[in-house]
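Novice: Would you mind keeping the following structure in view while I ask a few things?
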């Protein structure tokens, strides 16, 4: 079985500050990991994905995430927050042979303060 | 651009009604999914399909059924709508590459269903 835990349902940062959104996963086999973003009243859009290549993954809009097997983590970071980053962020996991389904975390709402 | 189109953005239905949510994708993807999104619970998988006429139950299939008669279309059916099915419903599609499940899922805009 696979699962994802996102620590912090709400995160607030000031514009220009570091963004750190936490994701820990549980999987009995090497996972594939994803971060999605959802802007208000829209569907989900892929930010980045880890598929067993480089452990540091760069995505769109300046976001990146690092896969740490020892910590079972895949935290999302951005060096400098922008007002347009305000959205809900979801971490998701899947594994080979998992019947092709993604398991999502409960989401983190990011607020960017002026 | 890949497009996943859900037929309605907002729906209001009465308790007991039969409700159809339609989803169409234009990228010839094999896999299609229906998720339900509720605050604090993230996305929960209702049903998915990896081929025409094939369906698999997800985590919360009770009260729902699905239909996939054509590759591009995946319908979610609420046989008898109840107030606890008020939610945001998201459709997604994806394509298997190289035998591995490492490709992204593309999502529709969502349908916000209110059952009164």
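We did not get these values from a lab; they are worked out from the coordinates using the rules stated. In this text, all values refer to a predicted model and were calculated from it rather than measured experimentally. Here the Cβ positions follow ideal geometry from the backbone for every residue, glycine too, while neighbour counts run over all protein chains shown.
Novice: Which value does Rg/Rh take for the protein assembly as shown over its C-alpha atoms, Rh per Kirkwood? Don't skip to the answer; put the middle values down first.
Specialist: Details: Rg = 17.5 Å, Rh = 18.1 Å.
Ratio value, two decimals: 0.97.
Novice: Round to the nearest 0.05 the FRET efficiency obtained for residue A:15 and residue A:41 when R0 = 35 Å and r is the Cβ-Cβ distance.
Specialist: Rounded to the nearest 0.05, the efficiency is 0.95.
Novice: Based only on other Cβ atoms within 10 Å, what is the fewest-to-most ordering of B:48, B:20, A:74?
Specialist: Going from least to most buried by this count: B:20, B:48, A:74.
Novice: Using a 10 Å cut-off on Cβ to Cβ distances, tally the other chain neighbours for every residue of A:35-41 and report the average as a whole number. Walk me through the numbers before you get to the answer.
Specialist: On the way: counts 0, 4, 0, 6, 0, 0, 6.
Partner-chain Cβ atoms within 10 Å, mean over residues of A:35-41: 2.
Novice: Still on this structure: What does the structure give for B:37-49 when I average, per residue, the other chain Cβ atoms found within 10 Å of the residue Cβ?
Specialist: Whole-number average of other-chain Cβ neighbours for B:37-49 is 4.
Novice: Further question: Based on the Kirkwood radius over alpha-carbon pairs, what value in µm²/s does the Stokes-Einstein equation return for the translational diffusion coefficient of chain B at 37 °C and 0.692 mPa s?
Specialist: 231
Novice: Continuing with the same structure: Quick check: convex hull over the Cα atoms of chain A, volume per residue in Å³, rounded to an integer? Kindly include the intermediate steps, with their values, before the conclusion.
Specialist: On the way: hull volume 10.8 nm³, N = 114.
Value for chain A: 95 Å³ per residue.
Novice: Please label the shape of region B:1-45 as rounded, prolate or oblate, based on the square roots a ≥ b ≥ c of the eigenvalues of the alpha-carbon gyration tensor (a/c under 1.5 means rounded; beyond that, a/b larger than b/c means prolate, else oblate).
Specialist: Verdict is oblate for region B:1-45.
Novice: In the Gaussian network model of chain A, springs joining C-alpha atoms below 10 Å, which of A:53, A:81, A:92 carries the largest mean-square fluctuation?
Specialist: In this elastic network of chain A, the residue with the biggest mean-square fluctuation among A:53, A:81, A:92 is A:53.
Novice: Counting only C-alpha contacts under 8 Å and six or more residues apart, can you give the relative contact order of chain A as a whole percent?
Specialist: Once divided by the residue count of chain A, the mean separation gives 37 percent.
Novice: Continuing with this model, one more query. Obtain the radius of gyration and the Kirkwood radius of region A:26-76 from its C-alpha atoms and give Rg over Rh.
Specialist: 1.01
Novice: Is any residue of region B:1-43 close enough, with backbone N under 19 Å, to a label point placed 7 angstrom from the Cα of residue B:52 along the Cα-Cβ axis, and if so, which?
Specialist: Those under the cut-off are B:23-33.
Novice: If you don't mind, there's one more thing I want to ask. Please compute the Cα-Cα pair-distance distribution of region A:51-114 with 5 Å bins starting at 0, giving whole percents from short to long.
Specialist: So the P(r) values, bin by bin, are 4, 14, 20, 25, 19, 11, 4, 2, 0.
Novice: Could you check the simple spin-label distance between residue B:20 and residue A:55, using points 7 Å along Cα→Cβ, in nm with one decimal?
Specialist: 5.2
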